[in-house]
Amino acid sequence: MATNAVNEFNQQVKPVSLWADAWKRLRKNRMSLFGLWVVGIYFLVALAAPILPLYDYTEQNLNHVNLPPSLKPAGVVAVAQEQKAIDQITDLVKNQGRADLQPNLDQKIAEMAQLQASLAADPTSNNVYIFGTDYLGRDMLSRVIYGGRISMMIGLVGTITAVLVGIIIGAIAGYAGGRLDNFLMRFVDIMYGLPYMLIVIILMSMVPQGTNSTVVLFVAIALVSWLTIARVVRGQIISLKNSEFVEAARSMGAGTGRIIFRHLLPNTLGVIIIFSTLQMPSFIMNESFLSFLGLGVSAPAASWGTLVSEGVQGMELYPWRLLVPAIAMTLFLFAMNFLGDGLRDALDPQSKNRA
Amino acid sequence: MTEEIILQVQDLKTYFHTDEGIVKAVDGVTFDLHKGETLGIVGESGSGKSVTNLSIINMIPNPPGKIAGGQVMYAGKDLVKLTINELRSIRGNKISMIFQDPMTSLNPYLRISTQMIETIVLHQKLDKKTAKAKAIDMLKLAGIPAPEKRIDQYPHQFSGGMRQRVMIAMGLSCNPEILIADEPTSALDVTIQAQILDLIKDLTARLGTAVILITHSLGVVAGMCDTICVMYAGRIVERGPTTEIFDKPKHPYTQGLIKSVPRLDKTSGDRLYSIRGQPPNVIDLPDCCPFYPRCDKAMDVCKRKYPLSKDVGNGHAVSCWLYTEAK
Amino acid sequence: MMKFIIRRLLSLIPTMFIIITLSFFLIHIAPGGPFSGEKKLPPHVLANILKKYHMDEPLGAQYLRYLNDVILHFDLGPSYRYEDQSVNGLISATMPRSIFLGFVSLLLSVALGGAAGIISALRQNKWQDYLSMSVAVIGISVPLFVIGPVIQLIFAMQLHWLPVTGWINSRAGWVTLIMPAVTLAFPYFAYIARLSRGSVLEVLRSDYIRTARAKGLKESVVIGKHVLKGAMLPVVSYLGPAFAGIITGSIVVETVFQIPGVGRIFVQSALNRDYTLIMGDIITYSAVLVFANFLVDVIYGFLDPRIAYK
């Protein structure tokens, strides 16, 4: 049909595909469009991180410890920081009779001299840390970006694994029905009964010390998180299995595999996409949760959770160390959730589980 | 049926404001309902039958819906203009409704007794005990066996037909003047349909209740109604006494509808007649006869202007250019 | 109803059995034990230790012994790491605090979340709706371990309104409960608010609400008597997962606010590879959770007349 077909009443009768229709609805939803942009930028930055002009996220610089966010060169910030400390102690010694602090003051002044001496000689003192530095003098901006790479990677790999396992098991259970379905779903029920983060914690605790825990983490998170997808896919397949179009396909002699892959799965695709977008932030949260407890990725790699956890130590004096990774992570999670909500409204307008 | 008019719907317009445009679900509907009369409204799905009746007791979900014009005169008052409190004293009391799907129209979490008694207590100011006795009486009238026992059960313990009997009992429990039945049998088995229709006919005749029966089935209106309104795309295209409509249908749409009813007395190998095409989308419909693309007798004027209603005698009116002189 | 409860109660037994078995074998296939850690022990000392904990026996025998101890004597064995302490002792000393904290949080999230959701639905697209749904989005997107430290930073360290850490038994008393409970309740408040908003809206569109309105009932009666009961059912069935989430979340909250609860014991045991303690924690957690799910089902059965008669 022509793109601008008009019927007898001068009404547009342009046929729209499900996806075009969904895209139209998504575009109308400002928050999810914002989410889409933010997620896009995050992924772009994460992909491009190695070629971006960033300081090495592992590079420690003891002259630049705990510097606040600033657009000035690090040397200047460090000197100002040191000067502030000296002023404070001087005030204590001179005006409040704390003569016992005199040795501290001397030490600070000596440090100051050393710092100023290194200013000219050390090229790193021209570094600019717009998000400040951590307790080892590492650039927070670069730490947050590389932390994001790890978090997002775990979210992505976890989601893909969970979705694949979930689809396969859900499709088999839903299509086969009977005993197999019963067995699989009983198993899923029992797994559901377990608090799944606790299982991941156990799995993480079983990793021999010294192995690369990131890989184990991928597996651990993905292994226990296919349950929901499996249930959803199974439910969809069961409800679709008895629908007319599948009957029609079967009556025309289509085989089981063909029915599942050509007819049933494409029809559950919307639900799977929605679930994946909503699942990814929860993976990221879970990984960060483990890293926060010290059971996540191992050093020197750091995820957002590791950074938040490090930031919590000493957040009273150096709040940016907590706030920078916290905000970076939260913004991404917000965007993912907005995007997921938007996709759900767009792809599944009659959705009943609009929680 | 007497000559006393109890409900007068005049040029009623109900529009829904959607993203795609204004849906004129009801666009200038006019009809009268007499005391004790049974009036049938027939039309395809989407023709505006249900919206018309929800508009009568002003139950259009707003937004997106809105009664854009016209009046509904009942007992000297325009229901469209009443406050919500005044309307409430009429709803369920003077004008009550029963709906299409008895499976979902009763609250699944409350006992039948609770749901019936609350209406009676509200409108008839009876105490709970008397109200319960009245409810049991109504259930008995509606043909529910052992009503004393069943009244304390939940809806899911009733079959579809039984639930519709409960709905009818509930709808008639305050002796309303008007009962609006919105496709009361469409969701039921064919064998149950006749029983339910008989029940409605029998009970309302006994209680002197006027009925507005909404249906897409000509067979139902033929057996039940005194008067018939045929709706198409938000308008009443033809209305008149049942015998008139069936014997001398004027509007090509009505003629088509009647021709497309399968008949046992015509057993030849003829194919069953069907009206070609689809009912129109009522968003931003231009001022024309909405039926013309499907009409065998369409003329040039049909595409330009909607015809006014023309009285053809015996209380029979039709909106079609075949019977109206174009100006 | 009684039959339903008993049948549901009996189904708990195989579930618990499977959980005990799974966790036992999961732990025992792990490479390395609690004593293969940092420093190498002399062989005879190691042999002694293994004997003491019956770890020199075949796996099957160990499993049967463990089953016997757990099921018949409710004895979860000794802790490998905390010498002379039993797992039972460690858990029973810490569990009540975690349960109390979790219970308070659950109550908070249900009461406030339910109220916010209902108000949002009834004032759809008004400021009340936008406000509660914005707060809910924050609750869903921001992880606990960010919320906790941030409110600590604001309310304890900057404003000095509340103590930074501690528990009810400390000098500060009951006010120590505020931040942990609010932090822990927040995500579930958010979920429940969104869930109940959605389900109230859905029930409002249902046929039986149209019937109730057509009967001329007052809007307050329609909402209070006809809408709420049906609309709260999804919230009730969410209580099970919510409780599981709160149990997991309490691990973080106990760490952030330094509450001596079972969550911290659990993390410690995981970090220390204290296997009996890990198993004990898992079994206890699962028992609590399984029982909570059972309670939820029973409540659901009471609320929805269609369940009990099946």
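Laboratory data are not the source of any read-out in this text; all were calculated from the coordinates shown. Keep in mind it's a predicted model, so treat the numbers as computed, not measured. Backbone-built Cβ (ideal geometry, glycine too); neighbour counts: all protein chains shown.
Observations on the model:
- Under the convention that each Lys and Arg Cβ holds +1 and each Asp and Glu Cβ holds -1, the size of the dipole of the stretch A:70-126 around its Cα centre is about 140 debye.
- Build a GNM of chain B with springs between Cα atoms under 10 Å apart, and of B:ILE112, B:ILE214, B:ILE275 the one that fluctuates most is B:ILE275.
- For the pair C:ILE138 and C:HIS44, the difference between a 0.36 nm per residue extended length and the Cα-Cα distance amounts to 28.1 nm.
- Taken along the Cα-to-beta-carbon direction at a fixed 7 Å, the label points for B:GLU3 and A:GLN83 span 10.6 nm.
- Taken along the Cα-to-beta-carbon direction at a fixed 7 Å, the label points for C:ILE154 and A:TYR135 span 2.5 nm.
- Chain A, dipole about Cα centre (Lys/Arg Cβ +1, Asp/Glu Cβ -1), debye to the nearest 20: 1480 debye
- Across the options A:PHE334, A:SER142, C:ILE192, the greatest Cα extent toward the positive end of the charge dipole of the protein assembly as shown (unit charges at beta carbon of Lys, Arg, Asp, Glu) belongs to C:ILE192.
- Shielding by partners, peptide C:214-226 (average Cβ within 10 angstrom, other chains): 6
- The residue among B:LEU139, B:THR14, B:ILE57 whose Cα reaches farthest toward the positive pole of the charge dipole of chain B, with charges on the beta-carbon of Lys, Arg, Asp and Glu, is B:LEU139.
- Angle between chain B longest axis and helix B:128-141 axis [Cα atoms, degrees, rounded to 10]: 50 degrees
- The antiparallel fraction among DSSP beta bridges confined to the protein assembly as shown stands at about 65%.
- Rounded to the nearest 10 degrees, the angle from helix A:140-176 to the longest Cα principal axis of chain A is 20 degrees.
- Note on C:ALA111 and C:ASN169: the extension gain reaches 18.3 nm, defined as 0.36 nm multiplied by sequence separation minus the Cα-Cα distance.
- Rg(Cα)/(2.2 N^0.38 Å) for the protein assembly as shown, N = residue count: 1.19
- Per-residue Cβ neighbour rank within 10 angstrom, fewest leading, B:ARG263, A:ARG149: B:ARG263, A:ARG149
- Stretchable slack from A:SER251 to A:GLN114, in nm (0.36 nm times residue separation minus alpha-carbon distance): 40.7 nm
- Scattering profile of chain B at q = 0.09 Å⁻¹ [log10 I(q)/I(0), Debye over alpha-carbon scatterers]: -0.50
- Relative contact order (%) - criterion: Cα under 8 Å, at least six apart; region: chain C: 26 percent
- Here chain B carries DSSP beta bridges of which approximately 65% are antiparallel, counting only pairs with both residues inside.
- Since only C:MET95, A:PHE275, C:TRP161 are under comparison, the one whose Cα sits farthest along the positive direction of the charge dipole of the protein assembly as shown, derived from C-beta charges on Lys, Arg, Asp and Glu, is A:PHE275.
- The mean sequence separation of alpha-carbon pairs under 8 Å and at least six residues apart, normalised by the residue count of chain B, gives a relative contact order of 20 percent.
- Shape call, the stretch A:70-126: gyration tensor on alpha carbons, a/c limit 1.5: oblate
- Computed with the Debye formula from one identical point scatterer per Cα of the stretch B:105-175, without solvent, the log10 of I(q)/I(0) at q = 0.11, 0.20 Å⁻¹ comes to -0.20, -0.71.
- Tilt relative to chain A, helix A:265-293 - C-alpha long axis, 0 to 90 degrees, to 10: 20 degrees
- Reciprocal mean inverse distance between Cα atoms of chain A - Kirkwood radius, Å: 24.3 Å
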